[in-house]
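Accompanying notes for the structure given below.
All of the numbers you see were taken from the coordinates with simple rules; none came from a lab. Note that the structure is a prediction, hence the values are computed from the model and not measured. Neighbour counts are summed over all protein chains in view; Cβ atoms, including those assigned to glycine, are modelled from backbone coordinates with ideal geometry.
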Amino acid sequence: MRSIDITADQIVREAARYAHRLSQGMRNLLELEPVEVGCTPREAVYREDKLVLYRFRRDTPPTHRVPLLIVYALVNRPYMVDLQEDRSLVRNLLALGYEVYLIDWGYPDPSDRLLGLEDYILGYIDRCVTEVAARHGLQAIDFLGICQGGTFSLCYTALRPARVRRLITMVTPVDFHTPDNLLSHWTRELDVDLFVDTLGNVPADLMNFFYLTLKPYRLNLQKYVGLVDILDDREELANFLRMEKWIFDSPDQAGEAFRQFIRDFYQQNKLVKGEVEIGGERVDLRRIEQPVLNVYATQDHLVPPDASRALGRVVGSRDYSELAFRGGHIGIYVSSRAQREVAPGIDAWLRARAG
């Protein structure tokens with residue numbers, strides 16, 4: 001057996017450094033101001049129920065005529081795309097000359113438990129599109145749909161193709177039955193009717209618990225052990241706390257919409273089969289003939305690459321492109337590589353189709 005050559009003095013010195021780091025970390029935690037998220041100035045341009053449609057303010061006139069509407073998922077807060085000044089997809093898009101709007105779904109309460117997918121997709125999204133298009137004198141606008149919001153954007157574009165000019169999907173599930181889809185395996189045998197009928201709205205804390213158990217060692221232990229290494233660095237500590245705030249600042253899920261999404265998408269995989277119905281209308285992805293850019297993360301454990309790349313097999317567009325990002329589901333927004341690659345990649349694709 002190989003021996004480890006460590007002296008007693010080395011152990012004492014390392015213990016002293018560890019104690020100093022913990023002591024400095026405790027002072028930093030006590031003195032650190034509450035972290036702020038959502039760094040870019042914005043204005044509310046439309047409100048309905050819990051929803052707020054925001055326009056991000058620009059210091060200069062836009063250089064692109066068509067505005068970009070970001071449609072985020074229901075399960076997390078959308079400020080992940082604008083987490084802090086140096087980690088902001090929104091700020092990068094503004095710097096590239098775009099008018100950027102974002103739908104903030106808010107926090108559903110028990111009065112929203114009967115909201116279904118029709119309410120979200122053909123109701124809220126459609127009225128936000130009407131607002132944005134009217135402000136710019138257009139019939140159609142550009143979409144950036146993220147995660148579940150990307151799935152919603154696909155459904156909306158298939159049902160209302162005249163309202164969407166160009167469609168970008170990011171870490172968006174399309175085929176929900178790929179072998180490596182952990183969420184699909186978790187939900188496949190769920191009695192979703194009993195689940196929703198019992199709970200009404202699905203509590204955010206319960207959803208967070210299930211997400212964390214998908215990678216229990218990494219998400220429940222490893223990152224907190226690693227926290228010790230940055231406790232004495234205020235900037236890194238603030239970055240860590242922003243991420244923790246986002247992770248645990250999750251809305252409850254409107255019960256009926258959750259029921260429909262789990263049953264039709266995760267359990268029965270109807271989207272790729274062309275069998276999803278929203279408001280009595282069938283969602284046929286072959287009706288999407290607009291240019292489509294599909295951005296996926298190669299190390300995504302929530303939306304595996306194959307689940308996203310399936311879009312290329314079923315979409316009707318002859319102008320379909322993919323952008324592979326080397327990172328994970330969260331890194332695609334906040335990593336340093338994402339700041340260099342994601343917004344510029346979207347910009348290059350949009351500019352090539354500006355006509």
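P(r) for the stretch 7-149: what percent of alpha-carbon pairs falls in each 10 Å bin, starting at zero?
10, 32, 24, 13, 10, 7, 3, 0
Can you tell me which of 101-109, 57-65 comes out highest on packing, and rank the rest after it, using the mean Cβ neighbours within 10 Å?
Going by the mean number of other Cβ atoms within 10 Å, highest first, we get 101-109, 57-65.
Angle, helix 234-248 long axis vs. longest principal axis of the chain, Cα atoms, 0 to 90°, nearest 10?
50
What is the helix-to-structure angle for 148-159, meaning the angle in degrees between its Cα long axis and the longest Cα principal axis of the chain, kept from 0 to 90 and rounded to the nearest 10?
The helix 148-159 is inclined about 10 degrees to the chain.
Please work out the Cα center distance from the stretch 308-326 to the stretch 121-186, rounded to the nearest Å.
Computed from Cα coordinates, the inter-centre distance equals 14 Å.
Work out the count of Lys pairs in the chain where the Cα-Cα distance is under 21 Å, with the pair 8 or more places apart or on different chains.
Count of close lysine pairs: 4.
So if the hydrodynamic radius of the stretch 231-274 is defined as the Kirkwood radius over C-alpha pairs, what does Stokes-Einstein give as its diffusion coefficient at 20 °C and 1.002 mPa s, in µm² per second?
The diffusion coefficient I find is 159 µm²/s.
Would you mind getting me the FRET efficiency between H329 and D5? Use the beta-carbon distance for r and R0 = 56 Å, nearest 0.05.
Step by step, r from the Cβ atoms, then E = 0.85.
For the stretch 43-88, evaluate the Debye formula with one uniform point scatterer on each Cα (no solvent term) and list log10 I(q)/I(0) at q = 0.21, 0.30 Å⁻¹, rounded to two decimals.
Result of the Debye calculation: -0.99, -1.30.
Select from the stretch 317-352 those trypsin sites (Lys or Arg not before Pro) which occupy a DSSP coil region and have at most 15 other Cβ atoms within 10 Å, ordered by residue number.
Filter output for the stretch 317-352: R318, R326.
Could you tally the net charge around T130, taking each other residue with its Cβ under 11 Å from the Cβ of T130, Lys/Arg +1 and Asp/Glu -1?
That works out to +2.
More than 23 angstrom separation, counting every C-alpha pair in the stretch 167-319; what % is that?
50
On a 0 to 90 degree scale, rounded to 10, what angle separates helix 204-213 from the longest Cα axis of the chain?
60
Grab the Cα-Cα distance for A140 and I247, subtract it from 0.36 nm times how many residues apart they are, and report the gain in nm with one decimal.
35.2 nm
Run through the DSSP bridge list for the chain and note the antiparallel percent, rounded to the nearest 5.
40
Ignoring everything except DSSP H segments at least 4 long, calculate the 222 nm mean residue ellipticity for the chain; use -39,500 (n - 2.57) per segment, divide by total residues, nearest 500.
One gets -11000 deg cm²/dmol as the mean residue ellipticity at 222 nm.
Treat the count of other C-beta atoms within 10 Å as a stand-in for reagent exposure and order V314, V171, V303 from fewest to most.
Ascending Cβ contact count within 10 Å gives the list V314, V303, V171.
Reported to two decimal places, what Rg/Rh ratio describes the stretch 69-221 when computed on Cα atoms with Rh from the Kirkwood expression?
With Rg and the Kirkwood Rh in hand, the quotient comes to 0.99.
Please arrange H185, H301 by counting, for each residue, the other beta carbons lying within 10 Å of its beta carbon, fewest first.
H185, H301
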